[in-house]
Amino acid sequence: MKRISKAVAAAVLCFASSLHAQSSDNAGHIGSKLAAADGETIFRSICQGCHMPDAKGAQGAGTYPALTGNPRLTSPQYMAAVILHGRRDMPSFKPTPGAEGRFLEDAKLSDTQIAGVINYIRTHFGNQYSDSISAEEVASMHR
């Protein structure tokens with residue numbers, strides 16, 4: 001019985017270590033490679049990991065809502081608030097003072113990137129919203 005417990009513990013530690021390493025790798029990629037990325041690139045690099053490439057959402061270890069046919073997407077300001085401040089399983093992509101060295105601190109998005117990904121999602125995946133949000137409007141929501 002102790003062998004099984006030690007084996008399980010070792011497996012858990014290896015898995016946890018790989019998650020930490022993966023987060024660190026992704027954090028560096030996000031910070032350096034996406035600095036000038038457009039909305040589609042931000043979606044493909046960050047959002048689709050949870051919301052899926054077709055934006056239909058997922059359930060499993062968490063619940064990730066569909067971004068297609070979602071009535072909450074009617075408001076680009078709602079989307080900006082969720083991206084800036086997080087909600088349930090959705091992390092904040094706005095830097096938090098005192099969070100230095102954490103993955104999400106490195107995964108912050110600029111106001112231009114947030115506006116770009118919102119406008120991309122709202123005009124793709126079957127969504128056909130004609131209005132948009134500007135980087136200035138996003139900035140005003142966290143000043």
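Table for the structure above
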item	result
Whichever residue in the range 109-132 is over 18 Å from the mean Cα position of the chain (by Cα) and touching a residue at least 12 places away in the same chain (Cβ under 8 Å) and, among such residues, is nearest to Gly86 (Cα to Cα)	Ser132
Complete set of residues in the range 71-84 that are out of contact with any strand residue (DSSP E or B) (no Cβ under 9 Å at 6 or more places or on another chain) and touching a residue at least 40 places away in the same chain (Cβ under 8 Å)	Leu73, Thr74, Pro76, Gln77, Met79, Ala80, Leu84
Single residue of the range 94-137 satisfying the filter (basic (Lys, Arg) and modelled with pLDDT under 95) that is most open to solvent (accessible area, probe 1.4 Å)	Arg102
Per-region count, the range 57-75, residues over 11 Å from the mean Cα position of the chain (by Cα) and surrounded by 14 or more Cβ atoms within 10 Å (Cβ to Cβ)	9
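One line per residue, one yes/no per condition, for (1) modelled with pLDDT of 80 or more; (2) open to solvent by 70 Å² or more (accessible area, probe 1.4 Å); (3) more than 20 Å from Ala135 (Cβ to Cβ); (4) not in a helix (DSSP H, G or I):
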| residue | (1), (2), (3), (4) |
| --- | --- |
| Arg3 | no, yes, yes, no |
| Cys14 | no, yes, yes, no |
| Ala21 | no, no, yes, no |
| Ala36 | no, yes, no, yes |
| Gly49 | yes, no, yes, no |
| Ala55 | yes, no, yes, yes |
| Gln77 | yes, yes, no, no |
| Ala81 | yes, no, no, no |
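The values are calculated or read from the model by the stated rules, or taken from the named source; none is laboratory data. This one's a predicted model, so the numbers in the text were calculated from it and none came from an experiment. Ideal geometry is used to build each Cβ from the backbone, glycine not excepted, and the neighbour counts take in all protein chains shown. To get the accessible areas, we keep the full protein, side chains included, count just its heavy atoms, and leave off ligands, DNA and RNA. Shrake-Rupley method; radii C 1.70, N 1.55, O 1.52, S 1.80 Å.
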